[in-house]
Amino acid sequence: MTRSRPKSSGPEEYDSAIQRRVLWVLGSGQVLGGLGMGAAIALGSLLVVDVAKSTAFAGFSSSMFTLGTALAAIPLARLAMRFGRRIALTTGTTIAAAGAVGVIVSAGAQSLVALIVSLLLVGTGSAAGLQSRFAATDLANPARRARDLSLVVWATAIGVVVGPNLAGPGDLLGSTIGLPNLTGAFAITALAQLASGIIFMIFLRPDPLVLSGGIGTAASSERRRFGYAFRVLSRNVPAAAGVFVLAMSHAVMVSVMAMTPVHLAHLGVEVIVIGFTISLHTAGMYLFSPVFGWLADRIGRRWVILIGQTMLLASLIINGISPDSVPALTVSMILLGLGWSASTVAASTVVSESVAVPDRTPVQGLSDSLMSFAGAGGGLAAGVVLALVGYGMLSILVILLVVAASAAAMLTARRSVTA
């Protein structure tokens, strides 16, 4: 039986069966979405180099994915504010599927510009994935809010781990049906993203954002304006602190993670070992997110953020002390993933619960955008720093971001201010 109270008092309370259904749908969509993105990222850089005929463009693939995520986050949030999560998530995944088809066509035409634009569109799928974790909190019981969010993050792990392993079968599939070289994985991406969108469109009913009272308010047009979310954050210190923690944690993770394969290659490490090291890092990012969600609900968001920052700090110190030790770097990458996971789960929960219900969606969209831009900027800056001072010193310098995030964590609210 559905129980409700006037929307003016805050989010409506619903039978937990509705929330369980929402989590199942979001999780299923995330599995497929992660599967598609993992398959695409595995061959994206190789495809760009193949079309451009130059290794100088090797970094364009991941950069376009990240930039596409950053640029799509706010428009998707605005779409959710107007029509609900179902339409926004379906739109994001459908655009990503279209982008994957565009990648195949662009590769066939050997058009670098069209390929870069298509990769940008594929990044929209990641923006939809980020919005999914916030959608998990729309109807969540405050006592389980972090755990519900973390379960959707965890679902991404299945696709991210399995996806890269589909690069080989995807390439075989592409050659079998006559697709351009290295584009078979993007055929899998297109199908997976499309399937994810279909799941959202058909099964994300009732829409959690609609039920929570997050759309259809009198001031909804004002909230869709670009500067509105900034103004909300300027008046809300806990939420602003949560957004800052997300951005800094993501910048730390991307800047170090992106440079680690390059550094290991310079040490003469075999490709299979490099791949295994990154896989352990990815496992740290996603597999233990439910643990951090449970902890955030039990001991508080702030403490879990600080635990995450401590693990990030330990990772960076290990890199600084033993930059040429492969076992040490492996441990460091695991800690880097775990630190990112703890910080992201707890800080995302802070952002959701520290803002009034009608304002949550625009703030969440801005948060995802800033988080992605911070990651892209961190990755680009890390390449320059690596060339100038080396991997060990890069890690030491990045500690400054951890210190800043830890200070911001002290400003986050201990409990929800809107629940």
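We did not get these values from a lab; they are worked out from the coordinates using the rules stated. Note that the structure is predicted; figures quoted are calculated from it, not measured. So basically every Cβ, Gly included, is an ideal-geometry build from the backbone, and we count neighbours across all protein chains shown.
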| note | Highest GNM mean-square fluctuation among Ile278, Ile177, Ile396, for the chain with Cα springs under 10 Å, belongs to Ile177
| request: Have a look at Gly68, Gly92, Gly320 and tell me which one the Gaussian network model of the chain (Cα, springs below 10 Å) gives the largest fluctuation. | output: Gly320
| field | Cut-off 13 Å between beta-carbons: net charge of the residues surrounding Thr93, Lys and Arg +1, Asp and Glu -1 | value | +2
| What are the ³J(HN,Hα) values, in whole Hz, obtained from phi via the Karplus relation 6.51 cos²θ - 1.76 cosθ + 1.60 with θ = phi - 60°, for each residue of region 75-85 in sequence order, with x given for Gly and Pro? | x, 5, 5, 5, 5, 5, 4, 8, 10, x, 5
| How much length is gained if the chain between Leu380 and Leu397 is pulled fully straight, taking 0.36 nm per residue apart and subtracting their Cα-Cα distance, in nm to one decimal? | 4.6 nm
| message | Just want the ordering: Leu76, Leu191, from fewest to most Cβ atoms lying within 10 Å of their own Cβ. | response | Leu191, Leu76
| Mind listing which trypsin sites (Lys or Arg not before Pro) in region 230-312 are in a DSSP loop and have 11 or fewer other Cβ atoms within 10 Å? | Arg235
| task | Please report Asp324, Asp148, Asp50, Asp171 as a ranked list, fewest other C-beta atoms within 10 angstrom at the top and most at the bottom. | result | Asp324, Asp50, Asp171, Asp148
| query | How large is ³J(HN,Hα), in whole Hz, for each residue of region 199-209 in order, when computed from phi with the Karplus curve 6.51 cos²θ - 1.76 cosθ + 1.60 and θ = phi - 60°, using x for Gly and Pro? | reply | 4, 4, 5, 7, 9, 7, 9, x, 6, x, 5
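Eigenvalues of the Cα gyration tensor times 5, then square-rooted: what semi-axes does that give for the chain, in whole angstrom, largest first?
Calculated on Cα positions only, the semi-axes equal 33, 27, 18 Å.
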| request: Tell me what the chain gives for mean residue ellipticity at 222 nm when only DSSP H runs of n ≥ 4 count, each as -39,500 (n - 2.57), the sum divided by the residue total, rounded to 500 deg cm²/dmol. | output: -27000 deg cm²/dmol
| request: Among Gly174, Gly129, Gly379, determine the one that fluctuates most according to a GNM of the chain built with springs between C-alpha atoms less than 10 Å apart. | output: Gly174
| request: Go through region 187-197 residue by residue and turn each phi into a ³J(HN,Hα) via Karplus (6.51, -1.76, 1.60, θ = phi - 60°); whole Hz please, and just put x for glycine and proline. | output: 5, 5, 4, 4, 5, 5, 5, 5, 4, 4, x
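Report the per residue volume, in Å³, of the convex hull enclosing the C-alpha atoms of region 217-419.
113
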